[in-house]
1. Going through region B:119-134 one residue at a time, which ones are surrounded by fewer than 23 Cβ atoms within 10 Å (Cβ to Cβ) and facing chain A (nearest Cβ under 9 Å)?
2. Can you name the number of the only condition in (1) in contact with a helix residue (DSSP H, G or I) (Cβ under 9 Å, 6 or more places away or on another chain); (2) within 16 Å of DNA strand C (Cβ to nearest atom) that B:SER55 fails?
3. What number of residues within region A:25-47 are outside any helix (DSSP H, G or I) and more than 10 Å from DNA strand D (Cβ to nearest atom)?
4. Consider only pairs whose beta carbons are under 8 Å apart and that are at least six residues apart or on different chains; among these, list those whose first residue lies in region B:46-70 and is of a type in the set (Val, Ile, Thr) and whose second residue is surrounded by fewer than 17 Cβ atoms within 10 Å (Cβ to Cβ).
5. Out of the residues in region B:1-23 that are in contact (Cβ under 8 Å) with a residue 12 or more places away in the chain, within 14 Å of another protein chain (Cβ to nearest Cβ) and out of contact with any Lys or Arg (no Cβ under 7 Å at 6 or more places or on another chain), state the one that is nearest to B:TYR159 (Cα to Cα).
6. Against the conditions (1) more than 7 Å from every other protein chain (Cβ to nearest Cβ); (2) crowded, with 24+ Cβ neighbours inside 10 Å, where does B:GLN156 fall short? Just the number, please.
7. Which numbered condition in (1) under 19 Å from A:ALA67 (Cα atoms); (2) at the interface with chain B (Cβ under 7 Å from one of its Cβ atoms) is the only one that A:ARG97 fails?
8. Going residue by residue through region A:62-79, is there one that turns out to be in contact with a helix residue (DSSP H, G or I) (Cβ under 6 Å, 6 or more places away or on another chain), assigned to a loop (DSSP other than H, G, I, E, B), over 22 Å from B:LEU161 (Cα atoms) and within 14 Å of chain B (Cβ to nearest Cβ)?
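Every number here is computed from the coordinates shown, using simple stated rules; none is lab data. Model, not experiment: these values are computed from the prediction. Neighbour counts run over all protein chains shown; Cβ positions are idealised from the backbone, glycine included.
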There are 2 protein chains.
Amino acid sequence: MDTRERLISSTRELLWERGYTGTSPKAIQERADVGQGSMYHHFRGKSDLALAAISRSAREMRDSADAVFTDTGTVVDRITAYLRRDRDALKGCPVGRLTQDPDVMADPELRRPVEETFAWLTDRLAGLLADGRTNGELDPRLDPEATATALVAVLQGGYVLARAAGSADVHARAVHGALGLLTGDARRSPSGQENR
Amino acid sequence: MDTRERLISSTRELLWERGYTGTSPKAIQERADVGQGSMYHHFRGKSDLALAAISRSAREMRDSADAVFTDTGTVVDRITAYLRRDRDALKGCPVGRLTQDPDVMADPELRRPVEETFAWLTDRLAGLLADGRTNGELDPRLDPEATATALVAVLQGGYVLARAAGSADVHARAVHGALGLLTGDARRSPSGQENR
DNA sequence: GTCTATAATCGGATAGAC
DNA sequence: GTCTATCCGATTATAGAC
């Protein structure tokens with residue numbers, strides 16, 4: 001890996017672990033094993049490096065999700081596969097994490113990849129859910145946009161809860177609960193007052 | 001409000017807005033309108049202040065949730081009221097936010113209130129869901145712990161998505177989606193293959 | 001209790017030699 | 001392209017006067 005790539009890679013890791021404010025140019029250089037001068041030769045400064053790192057992480061997140069979504073199987077299969085996908089729950093989401101960084105959110109350039117990634121993801125999931133509704137896999141009353149938003153929120157919130165508990169199992173439990181609701185293993189009782 | 005309280009209040013605000021790493025003693029003093037010497041008289045340092053602030057926020061979050069949970073109405077009513085509660089979605093959760101702060105999570109004292117708050121919240125919701133299952137409001141197949149975890153995750157993840165989108169509506173949409181799944185307005189089709 | 005002074009270290013760069 | 005030197009403000013305190 002060349003110098004430039006090592007810097008991007010190091011920045012991605014540090015943004016993931018410590019956020020933008022918690023990441024210093026010096027720490028980036030040390031982890032990349034690159035000198036001060038080198039870093040400022042390849043990038044104009046911290047925010048320039050962060051832009052490269054964030055864009056890379058966003059693209060990777062999108063590409064890997066898309067691979068699961070375009071896989072074979074029923075709609076429910078593909079959504080289940082995405083929700084259950086292997087993840088390091090205690091590390092959190094490298095993109096979602098950035099929403100807590102005021103300096104990232106305040107800079108339109110840095111913020112853009114974050115915004116676009118979640119807009120794309122939610123939209124893609126909503127499309128799948130709409131397909132499932134059309135083909136009879138899912139209840140016609142299901143609201144694709146709202147449901148997609150809820151599912152993405154479960155994933156993002158699952159990271160929060162897993163980190164709070166210090167246990168990756170909590171993320172899996174959140175996903176399990178969401179799938180239970182989606183696939184009808186857990187819902188308002190058929191004898192409940194809201195049933196029609 | 002006395003000096004000590006102003007310092008705690010100022011620290012709570014800053015931790016909420018900028019996190020632990022992004023909050024300097026100087027900024028705390030300025031917002032509280034308290035001098036350097038005063039701050040170090042009342043608190044041993046930044047982490048001591050943070051502990052007071054975090055404990056306060058955690059207790060407040062817990063108390064206000066408990067008020068909704070112990071309210072009158074059906075289980076589904078109370079859960080709905082909690083999920084739909086007025087919130088400043090773009091500001092995020094003052095407690096959940098701290099899970100992204102490595103310095104907070106690395107310090108057992110600072111971390112404890114965060115961990116306990118979410119453990120309590122999830123447990124409390126699971127109890128309500130179990131009650132709803134018992135009294136026939138909810139499907140007997142519903143897994144109370146997993147569902148409770150998913151619901152709390154929707155709230156926490158909703159903040160992430162709202163901030164990413166720059167719109168509080170996204171949080172409301174996530175909640176709407178989750179309630180649709182929980183109350184049976186949106187789920188796997190009755191004619192779907194998983195139906196028994 | 002509050003104020004000012006002092007200080008060591010870090011953060012985020014710029015400048016110029018090689 | 002990479003290195004070292006230098007810079008200035010911020011961070012997180014401590015010390016002692018008032």
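1. B:ALA119, B:ARG133
2. (2)
3. As a first pass, look at region A:25-47 and keep what is outside any helix (DSSP H, G or I): A:33-35, A:43-45.
Checking the rest, the ones that are also more than 10 Å from DNA strand D (Cβ to nearest atom) come to A:43-45.
Selection size over region A:25-47: 3.
4. So the pair list comes out as B:VAL68/B:ALA81; B:VAL68/B:ARG85.
5. Of region B:1-23, the ones in contact (Cβ under 8 Å) with a residue 12 or more places away in the chain are B:3-4, B:6-17, B:19-21, B:23.
The next check asks that each one be within 14 Å of another protein chain (Cβ to nearest Cβ); those that pass are B:13-17, B:19-21, B:23.
Narrowing the set further to residues that are out of contact with any Lys or Arg (no Cβ under 7 Å at 6 or more places or on another chain) leaves B:15, B:17, B:20-21, B:23.
On the way: B:LEU15: 16, B:GLU17: 13, B:TYR20: 18, B:THR21: 20, B:THR23: 21 Å.
In this case the residue turns out to be B:GLU17.
6. With (1) more than 7 Å from every other protein chain (Cβ to nearest Cβ); (2) crowded, with 24+ Cβ neighbours inside 10 Å applied to B:GLN156, the lone miss is (1).
7. Tallying (1) under 19 Å from A:ALA67 (Cα atoms); (2) at the interface with chain B (Cβ under 7 Å from one of its Cβ atoms), A:ARG97 fails exactly one: (1).
8. For region A:62-79, residues in contact with a helix residue (DSSP H, G or I) (Cβ under 6 Å, 6 or more places away or on another chain), assigned to a loop (DSSP other than H, G, I, E, B), over 22 Å from B:LEU161 (Cα atoms) and within 14 Å of chain B (Cβ to nearest Cβ): absent.
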